[in-house]
Amino acid sequence: MGLLWTLFGFGSARAELLKVGDIAPPFATQAIENGQTVPIRLSDFLGRKVVLYFYPKDNTPGCTKEACAFRDGYAMLARWGIAVLGCSVDSESSHRAFQQKYKLPFPLLLDPDKSIAKAYGVDNGIPILGLDKRVTYVIGTDGRILKVYPNVDPAIHAGQIIQDLGADKEPPPTPALAPQPSAPAASATPPSRDHGDDSIE
């Protein structure tokens, strides 16, 4: 019972997590996106806010609920330019099947050596299974940690993120480009010379 309690988002003592203001550790890995395996780096998102959420395992009840909630709220985050990245220790084939089954519109990071999880202090959240903790970081546009969510309720977490980031509101309109001033039109007829009294009849 204790193991299940931990697996679905509660439980064991936590390692040292990153703090608000810390520089988000860079990573370069592969991800499943739209059913394809693609290279991905944190630096690809510089200038955008990133929701990086770690979860224990594909297709478990809590992780499925959390992923589907991010899926359902994805459009609101995307219209603000906010990226969503999921990360667990699952295999490429597991991520692909999970993404396709639930039509997840965001990348799922591959972290086979747990290097990303270790850098973010979320590895080995369930020691007997070696699974990640359920923790979410919001990374700001400057690459620093903006928010940390160490205690996640999968059922309401995506909604909490959307509200905290203001993505439940309409984004400001994109400012229209000011029209460029047009060059003055050239006169079709040259200016007439005033000959005055010097004209020859």
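Just so it is clear, none of the values below were taken in a lab; they were calculated from the coordinates. Predicted model only: the values in this text are computed from it and were never measured. Note: ideal-geometry Cβ built from the backbone for every residue, glycine included; neighbour counts use all protein chains shown.
Figures for the structure shown
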read-out: Residues satisfying the stated conditions in region 128-158, i.e. in contact with a helix residue (DSSP H, G or I) (Cβ under 8 Å, 6 or more places away or on another chain), among the β-branched types (Val, Ile, Thr) and over 21 Å from Asp90 (Cα atoms); value: Val138, Ile139, Ile156
read-out: Identity of the residue in region 49-73, hydrophobic (A, V, I, L, M, F, W, C) and part of a helix (DSSP H, G or I), that ends up farthest from the chain's Cα centre (by Cα); value: Cys63
read-out: Residue count for region 95-141, restricted to those that are of a type outside the set (Phe, Trp, Tyr), crowded, with 17+ Cβ neighbours inside 10 Å and in a helix (DSSP H, G or I); value: 5
read-out: Cβ-Cβ under 8 Å pairs, at least 6 apart or on other chains, region 147-164 side polar (S, T, N, Q), far side part of a strand (DSSP E or B) and surrounded by fewer than 22 Cβ atoms within 10 Å (Cβ to Cβ); value: Gln160/Tyr149
